[in-house]
Amino acid sequence: MNDMSTRAKMPSTEEITLIKKFLDDTTLFLGPDPEIMQNHDLMPRTDIEDAAITTVSDAHTVAKIRDRIQAGCDEGFEMVEQMGAAPGAKWGDVITGVYSASGDLAIASAGGVLIFSALVHHPIKFIIKNWMNDPTVGVKEGDGFIHNDSRYGNVHNTDQSMILPIFHKGKLVCWVASTVHEGENGAIEPGGMPSMAESPSDEGLKMSPFKVVENYQIKRDILTFLQNSVREPKLQYEDMKVKLFACLRIKQRIEETLNTDGPEALVATLRLTMENVRAEVKRRISEWPDMTVRTYIIQDSTLRENCVVKINCKLTKIGDRLIFDFRGSSPEFTNRATNTIVAGLKGMLAQVFLCYVWPDLPRGQAAFAPIEVITDPHSIVNCSYDAPNSQSLMSIFTGFTAGQHAVAKFLYSCPEKFTKVHAPTFNMINTFIWGGVSQHGETLGNLCADLNGMGAGATVNRDGEHALAPVFATMADIGEQELNEEEVPFLQLVSKKMTRDAIAPGKYRGGQGYTMMVATKDSEQWGFMTTAQGAKIPPLQGLFGGYACGTYPLCKVKDVDVYDVLMNEPERFRHSIEDLMNEQPFDEASYSTHHMGMGFEISKRGELFMISQGAGAGYGDLLERDPGDVIKDIEEGLISPGVAARLYKVVFDAKTLAIDFDATEAARAEERQARIARSTPYAEFIKGWNKPKPPAHLQYFGCWGDDTGTLYMGSPEITRRGDQPRPNYMTHPKDVRIAELEARLIAAGAMGDEKK
Amino acid sequence: MKVPMTEYLRIDLDTEKWECRVCDHVIAPAEGNYKEGLLVHNRNPRDIHPPIIDPEKYRFTFSPDPDWVRILEFCCPSCGTQVETEYAIPGHPPLWDMQVDVAALKAQWAARGPSAVPDAGPVVMPDRGHGH
Ligand SMILES: [Zn+2]
């Protein structure tokens with residue numbers, strides 16, 4: 001054997017070219033390209049860019065053109081937000097941007113979902129690599145490409161992009177794109193984010209980047225096929241048009257610049273903007289202390305069953321390098337939808353910086369470009385082509401929080417800060433996804449914008465704001481429920497009322513979440529689903545002695561028609577989950593609680609589905625909270641007097657809420673002494689606490705302790721190496737339940753003589 | 001020079017120690033895990049996040065499941081200030097959350113000088129911490 005291999009003849013250059021051509025010509029499938037998908041850095045500077053920068057590099061010219069292009073992107077953004085039919089468009093789950101000829105996002109709209117800014121370059125690079133020189137496709141003036149398959153880029157398959165190449169005198173100078181969270185995509189559940197998906201084949205429409213526009217016209221034959229593939233055919237058409245026209249408006253602004261300043265000025269501006277941002281990010285990182293910070297965030301379900309899924313994060317800063325190491329996070333689930341492609345994780349980490357750390361930087365791909373990310377292959381944060389990822393939000397949001405928590409510990413000591421040190425913001429989309437046939441006979445599938453009402457984390461000098469903004473879009477809106485109700489057959493009977501005692505205490509408390517109670521009214525074919533973690537374990541960590549949020553379940557009241565109650569006995573209705581569930585005011589009704597992964601469920605008229613948005617994390621020792629602020633929280637219905645007195649050790653008059661400051665100070669001093677008395681020195685504590693393996697009573701996924709190379713797979717006895725993928729199947733929750741019940745029947749001797 | 005690293009912790013660059021910013025207690029060597037110099041309490045999460053709906057009636061109550069997660073509360077052994085919390089799976093070893101390169105920190109601050117030290121911090125009351 002040795003003889004043969006050493007004697008084998010190396011192919012000549014000519015032969016290599018021939019072999020490559022043969023392989024290219026006979027490629028049977030152009031799947032997602034790992035070379036594109038695993039890379040988030042800027043493409044190398046091209047000769048054309050180099051020449052353009054030699055011609056134009058004056059900072060004032062660059063700034064002027066950048067502002068013009070930025071204004072063009074914002075104009076496109078406004079168009080999509082105002083004219084888009086998808087609820088996501090109306091509430092700002094949108095972005096527009098201008099990409100370099102090589103496909104990097106140089107300038108993005110100021111508003112909207114910035115995660116897209118780190119993710120839409122992948123499909124453009126796919127088009128450049130595969131379609132540009134393909135005689136059956138090609139890239140020409142007037143073309144437009146559509147894309148939604150997240151394995152080729154972007155977050156999840158609800159998001160659709162329209163991508164246009166921009167030419168000047170026959171030469172490609174840049175690209176423009178517009179992306180919207182459209183919702184419906186024909187998956188097994190309505191709304192586009194099925195938690196029931198057990199393989200990519202359950203996830204609906206899968207558009208790798210392809211041409212859908214020629215001569216600036218949408219091709220009707222392909223459009224009709226797409227409309228047949230989703231539950232909202234009219235929305236599909238309307239929003240494709242809206243995105244196309246937004247791109248054309250940005251194109252118009254670019255052409256104005258090309259006419260006044262020439263193509264070199266545009267190309268130089270796009271390139272220098274990215275290179276300057278990248279260099280500035282390196283400079284800012286170098287100001288951080290050299291340190292390694294460790295944290296982990298827990299997902300407490302796959303949305304199908306409760307279990308413990310670890311997102312493990314080690315963040316290291318050395319000199320001007322910043323390295324996120326997510327090795328040790330849970331293995332991917334072969335048949336659960338909470339996995340993410342690694343680009344999605346990176347996009348969300350980019351949000352930490354663009355929205356929460358350096359919001360002053362021009363928005364684009366460059367801000368995250370120099371930051372490094374390490375993951376295990378086939379893990380929940382870097383899943384394979386064959387793993388479903390329609391609920392990737394679960395992993396990218398908890399990944400975001402791990403990043404946000406770790407970054408805060410670097411920022412505290414930095415003399416130069418661009419924002420305040422910030423405890424983690426709530427990170428779950430606690431909202432109702434809905435679908436069915438409306439009171440107007442329309443087939444619909446989408447969600448309430450309440451997902452955008454996440455409570456903010458507290459900061460170094462103030463409380464977190466309530467129901468402020470989603471972690472993925474700090475400038476999105478929670479929408480007008482009353483407008484929504486004109487289109488859909490349900491009411492939010494209680495909406496935007498703060499959920500009392502669902503708190504994240506601290507010196508500065510987290511911003512709180514609000515209650516939502518929905519009930520279907522005018523349709524027999526209408527249902528809801530919810531997709532969130534955090535009914536058993538909070539999905540956050542607190543900061544510097546502050547606490548995380550509590551947990552948030554789904555509550556149902558069935559076998560009742562609350563519309564009849566409201567009509568006939570309105571005094572029976574209660575306006576909080578607390579009172580409805582504890583008092584059970586409707587005779588004959590059934591009351592139940594559930595985790596937040598409710599698969600799509602048809603609802604009957606007047607049944608109540610009730611959830612709450614979550615609180616951001618608290619900051620600092622709660623005994624330092626200003627007693628006056630504690631009383632204000634009581635007055636505002638955020639916390640009950642008993643809980644406030646017990647936790648914050650504030651002494652006040654029950655009737656007047658007047659504070660006894662001396663008694664408060666004494667109670668707090670006493671509590672500090674009590675802490676010391678009930679606590680144990682670290683070395684002694686870990687002797688009793690530390691265990692070598694995860695507890696047997698939990699289905700645990702991910703590494704345990706310092707050994708990040710061993711990943712547990714649901715049991716202390718089943719593991720894989722981090723770098724060695726293994727399938728990881730979950731049993732259907734109904735089969736688990738059936739097995740439990742059969743075991744009880746067997747134990748009771750009640751299985752009879754059933755044949756096996 | 002003393003560099004504040006968190007709301008309640010600083011590093012004395014000369015002695016190379018973690019210190020409490022509230023009571024000046026010397027906690028641990030700066031190159032090590034500051035948690036080793038603190039006290040720990042295994043807190044039932046139900047104490048902090050009380051059930052909003054009746055735990056006798058319902059499986060999910062708005063309160064974390066104490067069999068699934070605990071809150072490790074770390075406090076200063078001298079003044080009792082709660083320096084950090086960690087929501088932990090039962091038995092999971094506490095994290096070494098801030099592993100500082102002390103030599104690099106000293107070099108960084110030697111270049112900056114003490115006037116660059118940020119002034120935010122805890123509410124330090126005059127008669128607290130040393131009174132026992
Ligand atoms: Zn102290």
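The values are calculated or read from the model by the stated rules, or taken from the named source; none is laboratory data. Here the structure is a predicted model, which is why all the values come from computation and not from measurement. Reconstructed Cβ throughout: ideal geometry from the backbone, glycine too, with neighbour counts over all protein chains shown. With ligands, DNA and RNA removed, areas are computed over all heavy atoms of the protein, side chains included. Shrake-Rupley method; radii C 1.70, N 1.55, O 1.52, S 1.80 Å.
Is the stretch A:652-661 home to any residue that is within 10 Å of chain B (Cβ to nearest Cβ) and either surrounded by fewer than 19 Cβ atoms within 10 Å (Cβ to Cβ) or not hydroxyl-bearing (Ser, Thr, Tyr) (or both)? No; the residues of the stretch A:652-661 include none that is within 10 Å of chain B (Cβ to nearest Cβ) and either surrounded by fewer than 19 Cβ atoms within 10 Å (Cβ to Cβ) or not hydroxyl-bearing (Ser, Thr, Tyr) (or both). Across the stretch B:54-79, the qualifying residues are those that are within 17 Å of residue B:28 (Cβ to Cβ), in a loop (DSSP other than H, G, I, E, B) and without any contact (Cβ under 8 Å) to a residue 60 or more places away in the chain, and the one among them that is farthest from the other protein chains (Cβ to nearest Cβ) is B:78. Taking the criterion of being aromatic (Phe, Trp, Tyr) and open to solvent by 40 Å² or more (accessible area, probe 1.4 Å), the only residue of the stretch A:242-289 that qualifies is A:245.
Checked across the stretch B:90-97, the condition of being at pLDDT 95 or above, closer than 30 Å to residue A:499 by Cα and away from the ligand (no atom under 16 Å from the Cβ) holds for at least one residue.
Looking across the stretch A:610-630 at every residue that is open to solvent by less than 10 Å² (accessible area, probe 1.4 Å) and farther than 20 Å from residue A:426 by Cβ, the one that is nearest to the other protein chains (Cβ to nearest Cβ) is identified as A:621. Against the numbered list (1) open to solvent by 10 Å² or more (accessible area, probe 1.4 Å); (2) without any contact (Cβ under 8 Å) to a residue 40 or more places away in the chain, residue A:451 comes up short only at (1).
Need pairs with beta-carbon distance below 6 Å; first residue within 7 Å of chain B (Cβ to nearest Cβ) and within the stretch A:670-685, second open to solvent by less than 60 Å² (accessible area, probe 1.4 Å) and part of a helix (DSSP H, G or I); sequence gap 6+ or separate chains. Listed pairs, sorted by first residue: A:682/B:35. Considering (1) surrounded by fewer than 21 Cβ atoms within 10 Å (Cβ to Cβ); (2) in a strand (DSSP E or B), the lone condition that residue A:317 does not fulfil carries the number (1). When the stretch B:6-37 is filtered for residues that are in contact with a Phe, Trp or Tyr (Cβ under 9 Å, 6 or more places away or on another chain), near the ligand (Cβ under 9 Å from one of its atoms) and open to solvent by less than 30 Å² (accessible area, probe 1.4 Å), the ones remaining, listed by number, are B:8, B:20, B:22, B:27. Report whether or not residue A:694 is facing chain B (nearest Cβ under 9 Å), closer than 25 Å to residue B:68 by Cα and open to solvent by less than 40 Å² (accessible area, probe 1.4 Å). Taking the combined requirement at face value, the residue satisfies it.
Rundown of residues vs (1) in contact with a Gly (Cβ under 8 Å, 6 or more places away or on another chain); (2) farther than 29 Å from residue A:439 by Cβ, yes/no style:
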site: A:491; (1), (2): no, no
site: A:505; (1), (2): yes, yes
site: A:519; (1), (2): yes, no
site: A:537; (1), (2): no, yes
site: A:553; (1), (2): no, yes
site: A:561; (1), (2): yes, no
site: A:568; (1), (2): no, no
site: A:579; (1), (2): no, yes
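For beta carbons closer than 8 Å, sequence separation of 6+ or different chains, a first residue in the stretch A:724-752 that is assigned by TED's automatic domain parsing to the domain that holds residue A:377 and a second that is in a helix (DSSP H, G or I), the qualifying pairs are A:751/A:742; A:751/A:745. Residue count for the stretch A:551-560 under the criterion of being over 20 Å from the mean Cα position of the chain (by Cα), part of a loop (DSSP other than H, G, I, E, B) and within 8 Å of chain B (Cβ to nearest Cβ): the result is 0. So for the stretch B:90-107 (the condition being in contact with an Asp or Glu (Cβ under 7 Å, 6 or more places away or on another chain), more than 7 Å from every other protein chain (Cβ to nearest Cβ), touching a residue at least 24 places away in the same chain (Cβ under 8 Å) and outside any loop (DSSP other than H, G, I, E, B)), does at least one residue qualify? Within the stretch B:90-107 (the criterion being in contact with an Asp or Glu (Cβ under 7 Å, 6 or more places away or on another chain), more than 7 Å from every other protein chain (Cβ to nearest Cβ), touching a residue at least 24 places away in the same chain (Cβ under 8 Å) and outside any loop (DSSP other than H, G, I, E, B)), the answer is yes, since at least one residue qualifies.
The set of residues from the stretch A:67-103 being open to solvent by 10 Å² or more (accessible area, probe 1.4 Å), assigned to a loop (DSSP other than H, G, I, E, B) and at pLDDT 90 or above comprises A:101, A:102. Criterion applied to A:28, A:18 was being open to solvent by 70 Å² or more (accessible area, probe 1.4 Å) and assigned to a loop (DSSP other than H, G, I, E, B), and the one residue passing it is A:28.
Only a single criterion out of (1) facing chain B (nearest Cβ under 8 Å); (2) open to solvent by less than 50 Å² (accessible area, probe 1.4 Å); (3) closer than 30 Å to residue A:541 by Cβ is not satisfied by residue A:598, namely (1). Among the residues of the stretch A:587-595, are any small (Gly, Ala, Ser), touching a Lys or Arg at 6+ places or on another chain (Cβ under 7 Å), facing chain B (nearest Cβ under 10 Å) and touching a residue at least 12 places away in the same chain (Cβ under 8 Å)? Looking for residues that are small (Gly, Ala, Ser), touching a Lys or Arg at 6+ places or on another chain (Cβ under 7 Å), facing chain B (nearest Cβ under 10 Å) and touching a residue at least 12 places away in the same chain (Cβ under 8 Å), one finds at least one in the stretch A:587-595, hence yes. Number of residues in the stretch B:1-47 that are more than 15 Å from the chain's Cα centre (by Cα) and of a type in the set (Gly, Ala, Ser) equals 0.
Would the stretch A:368-385 turn up any residue that is assigned to a loop (DSSP other than H, G, I, E, B), open to solvent by less than 10 Å² (accessible area, probe 1.4 Å) and of a type in the set (Ser, Thr, Tyr)? No, the stretch A:368-385 contains no residue that is assigned to a loop (DSSP other than H, G, I, E, B), open to solvent by less than 10 Å² (accessible area, probe 1.4 Å) and of a type in the set (Ser, Thr, Tyr).
In the stretch B:61-85, the residue that is nearest to the ligand (Cβ to nearest atom) out of those that are in contact with a strand residue (DSSP E or B) (Cβ under 9 Å, 6 or more places away or on another chain) and open to solvent by 10 Å² or more (accessible area, probe 1.4 Å) is B:78.
On the stretch given as the stretch B:1-21, residues that are in contact (Cβ under 8 Å) with a residue 40 or more places away in the chain and either in a strand (DSSP E or B) or at the interface with chain A (Cβ under 9 Å from one of its Cβ atoms) (or both) total 10. Do we find that residue B:54 is away from the ligand (no atom under 16 Å from the Cβ) and open to solvent by 10 Å² or more (accessible area, probe 1.4 Å) in this structure? For residue B:54, the condition - away from the ligand (no atom under 16 Å from the Cβ) and open to solvent by 10 Å² or more (accessible area, probe 1.4 Å) - is met.
For the stretch A:726-736, residues that are of a type in the set (Lys, Arg) and surrounded by 11 or more Cβ atoms within 10 Å (Cβ to Cβ) total 1.
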